[in-house]
Amino acid sequence: LIAARTRAAGALAVASLALVLPVGAPAAPPTTRGSGWTTWGNSPVRQSRASSSALNVRNGRKLKLAWSRPLGGVGAAQPLYLTKIEIRGQRRDIYLAASESGRVTAFDARTGAVLWRSELGSLTTGCQQMPQGVFGVTGTPVYDPAGGFVYVAVTDKLWSLDVHTGAPRAGWPVAL
């Protein structure tokens, strides 16, 4: 009887909350066209849909490895693909990759050249469920195209890095 009352009270609370929330609550903002793949899943709703692709059945057979670079540790986070980022006076498309060692690296998408690298730290946990017992960047960073910063959670801190240089933003990291 107590369990039934608890379930009924929970259902009533959810229904009351639904009545209080505005019907026209704002939807998640659309992805900015031309910014690339700025967050895990390519949008706030994380559907993992590419915004555009030149890949098709005919040219798919011609795919081959263009380049490969070490990340400085195990990569558990999805890399970001950012377009038209100005680095050292040139607009480039970049891949931003992070590793459990706490390293974040910007690579030129065309050549694989390292454009900048930031070492943000990690913890040795001894837990063998973590890659090599190290905990650093596990979650995918997020890029804010309006501000030009990349946000990265590392251990117990949140970093804000300048997407053009990899330098930490003034006043960051902040404790989580």
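The values are calculated or read from the model by the stated rules, or taken from the named source; none is laboratory data. Predicted model only: the values in this text are computed from it and were never measured. Counting neighbours? That spans all protein chains shown, and the Cβs are built from the backbone with ideal geometry, glycine included. Just the protein is used for accessible areas: all its heavy atoms, side chains included, with ligands, DNA and RNA removed. Shrake-Rupley method; radii C 1.70, N 1.55, O 1.52, S 1.80 Å.
Open to solvent by less than 70 Å² (accessible area, probe 1.4 Å), outside any loop (DSSP other than H, G, I, E, B) and either at pLDDT below 95 or not polar (S, T, N, Q) (or both): does that describe L71?
When the stated conditions are applied, L71 does not pass them.
Kindly indicate whether R110 is closer than 23 Å to T155 by Cα, at pLDDT 85 or above and among the charged types (D, E, K, R).
No, not satisfied.
Please pick out the residue among D93, D144, D108 that is open to solvent by less than 40 Å² (accessible area, probe 1.4 Å) and of a type in the set (D, E, K, R).
Just a single option satisfies the conditions, and that option is D108.
May I ask you to list pairs of residues, at least six apart or on different chains, whose Cβ atoms are under 9 Å apart, with the first in segment 119-135 being free of Cβ contacts under 8 Å to residues at least 60 places away in the same chain and closer than 11 Å to D156 by Cα and the second being in a loop (DSSP other than H, G, I, E, B) and among the acidic types (D, E)?
Listed by first residue and then by second, the contacts come to S122/E100; L123/D156; F135/E100.
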